[in-house]
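Peer 1: Here you go, one structure.
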């Protein structure tokens, strides 16, 4: 969120409208958001501006995400469940950036695969995982931190586990957990089921 706020400051006359669109379309891939900002808000068919905005944002994100503190319980969650169940990541972060972030944080070995968008939408990643693991949707746990994660998981028939990242889950009836320590308890119960 902070990276978007930092980017929007660079475009003060559009800052409020950019933030409103971002919040309304939180899980929309950033390249689609940037296309909207440039063509719809700014009224420019300028691909150079689109490339500049993408580069600025990428630099902001990479620095922040690589340096940020982990969600409490992340390392113990990965250590416990790696090898017990296949672990995957699906994000609206572009594939090359996502892989670089995971590698820089020393997490690559924990995941069976990592899906960034572009090129892979979360719904496509879900179908790939189901086919690869030969699982029914109800056998898969999807840990997400946004209402759009909830929607994509439930539309695919997956079991959703919500993590409170500060984003609104208004109007959605689901349990939301504070950190990966709490979520690990839920996963343990589901595995023992």
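Laboratory data are not the source of any read-out in this text; all were calculated from the coordinates shown. These numbers come from a predicted model, not from an experiment. Cβ: placed from backbone, ideal geometry, glycine included. Neighbour counts: every protein chain shown.
Peer 1: What length, rounded to one decimal in nm, is gained on full extension from residue 108 through to residue 176, with 0.36 nm per residue of separation minus their alpha-carbon distance?
Peer 2: Computed gain between residue 108 and residue 176 is 21.8 nm.
Peer 1: Taking the alpha-carbon set of the stretch 74-192, what are its Rg and Dmax in Å?
Peer 2: 13.8, 37
Peer 1: Would you mind estimating how fast the stretch 46-114 diffuses translationally, via Stokes-Einstein at 4 °C and 1.567 mPa s with the Kirkwood radius over Cα pairs, in µm²/s? It would help to have the intermediate numbers written out before the result.
Peer 2: Numbers: Rh = 13.6 Å.
Once the numbers are plugged in, D ends up at 95 µm²/s.
Peer 1: Here's something else I'd like to know. How far apart, in nanometres, would the label points at residue 41 and residue 192 be if each is projected 7 angstrom from Cα along the Cα-to-Cβ direction?
Peer 2: 4.8 nm
Peer 1: Using 0.36 nm times the number of residues separating residue 134 and residue 76, minus their current alpha carbon distance, what extension gain do you get? Can you show the working numbers first?
Peer 2: Values: separation 58, 0.36 × 58 = 20.88 nm, distance 2.68 nm.
Full extension of this stretch gives 18.2 nm more.
Peer 1: List 191, 143 from most exposed to least, where exposure is judged by having the fewest other Cβ atoms within 10 Å.
Peer 2: Listed from fewest to most nearby Cβ atoms, that is 191, 143.
Peer 1: Taking 0.36 nm per residue of separation and subtracting the Cα-Cα distance, what length does fully extending residue 63 through residue 21 add?
Peer 2: So the chain would gain 12.7 nm between residue 63 and residue 21.
Peer 1: When the Kirkwood hydrodynamic radius is evaluated over all pairs of different C-alpha atoms of the stretch 100-169, what value in angstrom, to one decimal, is obtained?
Peer 2: Radius from the Kirkwood sum: 13.2 Å.
Peer 1: Follow-up. At 222 nm, what value in deg cm²/dmol follows for the chain if DSSP H runs of at least 4 each add -39500 (n - 2.57) and the sum is divided by all its residues, to the nearest 500?
Peer 2: Taking each H run of at least 4 residues, the total per residue is -15500 deg cm²/dmol.
Peer 1: How high is the FRET efficiency between residue 55 and residue 127 when r is their beta carbon distance and R₀ equals 22 Å, given to the nearest 0.05?
Peer 2: Taking R0 as 22 Å, the efficiency between residue 55 and residue 127 is 0.10.
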